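Report on one structure; see the data block that follows.
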Amino acid sequence: MTDSKLRVDRVPTPPDGVKLPKKPLGTFRWISTALALTLVLWSVLEIDAKWSRLPEAPADMWTLGRVMFDSMEVSKIPDLLSAMWESIAIAWLGTIIAAIFAVPLSFLAANNLVGKPVAWITRQVFNLLRAIPEIILALAFIPIFGLRPMAGVLAIGVGSIGTLGKLFYEVIESINKGPVEAADAVGASRLQRLRWGVLPQVTPEITSFLLYRFEVNIRASAVLGLVGAGGIGSDLAEALKFKDFGTAGLGLIIVVLGTICVDTISGAVRRRIVSGKKTVLDVDQEASLHVGSMSMGI
Amino acid sequence: MATLHDGVVSATAPTLPAKPGMSMFAIGTAIGAIVLTIITAISVGFSLSEIISNFGRKNSVVEGLLNPDWGQIWSRRSRSAFIETLQLAVLGTATGATVALPLALWSTTFGNPNRALRTLVRSCNNVIRSIPDLLWALLFVTAVGIGALSGLLALFFFSIAVTTKLTSDTLDGIDMGPIEAANASGASLTQMLRTAVVPQILPSYTSFVLYNFELNLRASAVLGLVGAGGIGARIEFFRGRGDWEKLWGLVVMFFLVVFIVERISVTLRRRLI
């Protein structure tokens with residue numbers, strides 16, 4: 001390679017009188033890197049894992065995969081498909097229930113609509129709800145509702161309130177003040193102000209976040225079944241428990257395909273909602289979507 | 001507004017503009033959503049009265065939640081399970097995030113000029129992403145065996161999924177200037193990525209890794225439910241015995257810790273970006 005001669009291997013010495021700028025040395029960066037490395041090292045040394053099994057893991061997974069593919073039965077597909085549908089249904093209903101609570105609550109968490117103390121309290125409620133995994137909620141709901149999809153629906157519903165609420169109030173806080181002031185100026189009541197000043201501005205993004213959460217929840221509901229809260233997870237856990245690897249493999253494929261399928265549909269709707277007419281957006285346009293309402297207001 | 005500029009005010013009474021109708025798309029989406037809600041409600045047997053009556057009944061779960069046994073976290077076994085959870089989250093994040101960076105870089109047009117390879121990497125990412133954390137755990141428990149190693153492997157794949165996705169989204173929006181400059185000066189692909197791409201995404205990437213750690217901490221709590229180590233094993237144990245006071249004591253304490261870690265991590269992430 002002749003061009004390798006052209007490559008600069010060292011920083012060239014600057015001409016006299018010119019000082020190279022010093023490389024910034026962030027103390028904060030060094031300390032945090034060192035802390036992170038220590039934490040990793042401690043975990044490696046202290047964790048009670050059977051490291052000797054690690055080299056065999058790829059072979060084990062390969063064997064499991066092969067057994068799954070070898071013993072697949074086509075006759076199991078309809079059952080698994082209806083279980084997948086149940087998972088999708090759980091995810092959708094859960095998302096709707098969460099939205100019913102999250103939308104009004106998020107108005108109470110937006111700094112530009114209510115006083116600081118109220119917003120702070122509502123936000124802490126969201127943070128708390130966000131910290132609990134759906135699975136734990138499902139564990140709590142199963143003894144109450146039995147091993148049925150209802151336990152899953154409520155687990156997803158309660159579990160999504162926090163995340164949705166957080167996403168929603170961030171949208172509400174980024175709105176253009178103009179319409180709200182206009183509503184105030186014509187003597188709108190508090191409710192009318194929300195209806196005409198805020199809601200039209202936030203509906204597209206709230207809907208799009210709702211769909212996004214639905215996509216996330218499909219994965220969650222597929223998993224909830226593993227502890228018995230209905231959906232395809234129950235079939236998967238059962239199949240693996242009774243070493244019916246063929247059914248488990250088919251179930252896995254259906255989970256993956258089903259998730260990708262719903263993601264694609266929901267993603268297309270989302271993009272259409274946020275962008276209006278279907279166009280290919282570059283980043284600058286994407287950013288302008290968020291301030292687009294502002295320029296229209298003037 | 002036009003009348004102001006012209007300096008002429010129209011004499012006729014202003015007519016209100018016609019109210020814009022809802023677009024066909026909005027109506028379609030709304031109807032679709034309502035229909036989907038009704039169909040799904042029927043297929044899972046949703047009933048509001050059942051929820052009310054079930055919650056109204058006395059049950060040990062809610063009673064346990066009302067008087068949790070705080071002492072649980074100090075018992076030796078719970079504490080070691082707790083530490084194992086922390087270690088799982090740390091290692092899962094560290095290993096997964098390390099692999100995620102090249103995977104994200106190779107899924108871009110500038111990081112991977114070979115179209116076939118790029119498609120391969122992308123589909124791999126998609127498949128990894130569509131399998132949830134607990135399902136990974138269940139698979140590894142089945143194939144590799146019960147224990148922390150399976151949990152670690154599960155978190156490894158889960159972290160790859162999360163960090164790769166977030167990082168590739170950031171990569172879509174980077175400044176192409178430095179890349180062109182690096183290519184023009186004859187940098188190899190690795191050199192170009194190292195000097196022109198990685199510095200641009202490093203702050204976001206670090207913040208994604210922290211976010212991923214928060215997710216992993218929460219996920220590692222439940223891995224034990226399927227036998228993959230950590231505090232979930234204790235939770236499952238108490239659940240099996242119906243010991244809800246102890247279960248809630250453990251869960252509430254754990255999530256208080258998660259909550260605090262998350263606050264710290266959020267503050268760090270704000271500083272990064």
Along the positive direction of the dipole of the protein assembly as shown (beta-carbon charges: Lys, Arg +1; Asp, Glu -1; about the Cα centre), which of B:80, A:201, B:104 reaches farthest?
B:80
Pairs of alpha-carbon atoms within less than 8 angstrom and 6+ residues apart define the contacts here; what relative contact order does the stretch B:64-272 have, in percent?
34
Averaged across the residues of B:23-35, what count of C-beta atoms belonging to other chains lies within 10 Å of each residue's C-beta?
2
Expected-Rg normalisation [2.2 N^0.38 Å, Cα atoms] applied to the stretch A:182-229:
1.91
Packing-wise, with mean Cβ within 10 Å as the measure, how do A:192-202, A:224-234, A:63-73 rank, highest first?
A:224-234, A:192-202, A:63-73
Along principal axes, Cα extents of the stretch A:178-269, largest first, whole Å:
69, 26, 11
Classify the stretch A:83-297 as rounded, prolate or oblate, taking a ≥ b ≥ c as the square roots of the eigenvalues of its Cα gyration tensor: rounded when a/c is under 1.5, otherwise prolate if a/b is larger than b/c and oblate if not.
oblate
Using only Cα atoms, figure out Rg for the stretch A:134-211 and give it as a multiple of 2.2 N^0.38 Å.
1.56
How shielded is A:138-147 by partner chains, expressed as the average number of their Cβ atoms within 10 Å of its Cβ atoms?
5
Considering only A:269, B:49, A:102, whose Cα is most displaced toward the positive end of the charge dipole of the protein assembly as shown, charges sitting on Cβ of Lys, Arg (+1) and Asp, Glu (-1)?
A:102
Helix hunt in chain B: which complete DSSP H runs extend at least 20 Å axially by C-alpha with mean Kyte-Doolittle at least 1.0?
B:24-44, B:148-171, B:244-272
Compactness index (Cα Rg / 2.2 N^0.38 Å), the stretch B:64-272:
1.20
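Count the lysine pairs in the stretch A:83-297 whose Cα atoms lie under 27 Å apart, taking only pairs 8 or more positions apart in sequence or on different chains.
So the count of such lysine pairs works out to 4.
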Taking the Cα centre of the protein assembly as shown as the origin, how large is its charge dipole in debye, to the nearest 20, when only Lys and Arg (+1) and Asp and Glu (-1) carry charge on their Cβ atoms?
800
Send over the per residue convex hull volume for the stretch A:65-171, Cα only, as a whole number of Å³.
133
Sorted peptide list for B:135-142, A:212-219, criterion being average Cβ within 10 angstrom, highest first:
B:135-142, A:212-219
Can you find, among B:272, A:239, B:71, the residue sitting farthest towards the positive end of the charge dipole of the protein assembly as shown, where Lys and Arg contribute +1 and Asp and Glu -1 at Cβ?
B:272
Assigned charges on the beta-carbon of Lys, Arg, Asp, Glu; the stretch B:143-273 dipole about Cα centre (debye)
400
Looking at the stretch A:66-112 from every direction and averaging, what is the projected area of its Cα convex hull in nm²?
5.6
What average number of partner chain Cβ atoms lie no more than 10 Å from the Cβ of the residues making up A:54-63?
3
Shape of the protein assembly as shown from its Cα gyration tensor (a ≥ b ≥ c, root eigenvalues): rounded if a/c is under 1.5, otherwise prolate when a/b > b/c, or oblate?
oblate
Taking the highest mean first, how do the peptides B:246-258, A:83-95, B:76-88 order by number of other beta carbon atoms within 10 angstrom per residue?
A:83-95, B:246-258, B:76-88
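Quick check on chain B: helices-only [θ] at 222 nm, where DSSP H runs of length 4 and up contribute -39,500 (n - 2.57) each and the sum goes over total residues. Nearest 500, please.
Details: 13 runs with 202 residues, N = 273.
Calculated from helices alone, the mean residue ellipticity at 222 nm is -24500 deg cm²/dmol.
Each value in this text was obtained by applying a stated rule to the coordinates, not by laboratory testing. Given the structure is predicted, the values throughout are model-derived calculations rather than measurements. Heads up, the Cβs are rebuilt from the backbone with ideal geometry, glycines too, and the neighbour counts pull from every protein chain shown.
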